[in-house]
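See structure below.
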Amino acid sequence: MIRIICGGRKNAGAFAEIIAEYEKRLRKPFNVSWEFYDEEKLISRLEKEWSFSHTVQFVIVCDERGKIISSDEYSLLISKAFLNTREVVILIGGAYGFSDVIREKADFVWSFSKLVFPHMLFRAMVAEQIYRAQEIHDGGKYHHV
């Protein structure tokens, strides 16, 4: 199971349909659950009460200051995490992203690009990359090299 925790509004607007389509295609352990929190409360809580257990969870923070990796590398990263832990947790910040404190506590800080994307578009991109990672892991035809 991949748990995605987002700062910001729940409503994905026009991207909801795209996200739902990828969610339908996901199978265990690549299936996802979404949690939404007010951005300020989420950041404050994570900075003060970091509650992830790194023995049972692998935490990925999405941030433009993170490491840019290929889809193949991402698939390998989360596939290895599934072997060593029970759950992958992906943190997606709101408009202001995450602090240094939160990035330092993560197992991996992941950047899609040096560009900044709208929050709702980014959620759709994360859903697609999880599906792509699943297909790479399973040897599916979706990902072309």
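Throughout, read-outs are computed from the coordinates displayed, never taken from laboratory work. Note that the coordinates shown come from a computational prediction; the quantities given were computed from them, not determined experimentally. Cβ sites come from the backbone with ideal geometry, for glycine too, and all protein chains shown count toward neighbours.
Just to confirm a number: summing +1 for Lys and Arg and -1 for Asp and Glu over residues other than Arg45 whose beta-carbon lies under 13 angstrom from that of Arg45, what do you get?
Values: positive: Lys41, Lys48, Lys105; negative: Glu35, Asp38, Glu39, Glu40, Glu47, Glu49.
So the surrounding residues net to -3.
The loop-placed trypsin sites (Lys or Arg not before Pro) in the stretch 41-145, going by DSSP, that have at most 13 neighbouring Cβ atoms within 10 Å of their Cβ come out as Arg86, Lys114, Lys141. Applying the Kirkwood pairwise sum to the alpha-carbon positions of the stretch 1-79 produces a hydrodynamic radius of 14.7 angstrom. Quick one: net charge of Ala95's neighbours, Cβ under 11 Å, K/R +1, D/E -1? Within the 11 Å Cβ shell, the charges total -1. Label point 7 Å out from Ala95 along Cα-to-Cβ: which residues of the stretch 109-145 have amide N under 20 Å? Only 115-124 fall inside the zone, counting backbone N under 20 Å. Fully extending the segment from Lys41 to Ala16, taken as 0.36 nm per residue of separation minus the present Cα-Cα distance, adds 6.6 nm. Close lysine pairs were tallied over the chain: pairs 8 or more places apart or on different chains with Cα atoms under 27 Å apart number 26.
Could you calculate the FRET efficiency of Phe117 with Lys24 from 1/(1 + (r/R0)^6), where r is the beta carbon distance between them and R0 is 25 Å, rounded to 0.05?
Working: r = 23 Å, r/R0 = 0.92.
Calculated value: 0.60.
Placing a label point 7 Å from the Cα of Arg86 along the Cα-to-Cβ direction, the residues of the stretch 1-38 with a backbone N closer than 20 Å are 1-5, 27-35.
When only C-alpha pairs under 8 Å and at least 6 residues apart count, what is the relative contact order of the stretch 10-112, in percent? Walk me through the numbers on the way to the answer.
Numbers: 93 pairs, mean separation 37.0, N = 103.
For the stretch 10-112, the relative contact order is 36 percent.
When Val56, Val88 are sorted by how many other C-beta atoms sit within 10 angstrom of their C-beta, beginning with the fewest, the order is Val56, Val88. Within 11 Å, Cβ to Cβ, of Phe112, how many net charges do the neighbouring residues add up to if Lys/Arg are +1 and Asp/Glu are -1? In short, -1. Sites listed here are chymotrypsin sites (Phe, Trp or Tyr not before Pro) in the stretch 72-108 whose DSSP assignment is loop and whose Cβ has at most 14 other Cβ atoms within 10 Å: Tyr96.
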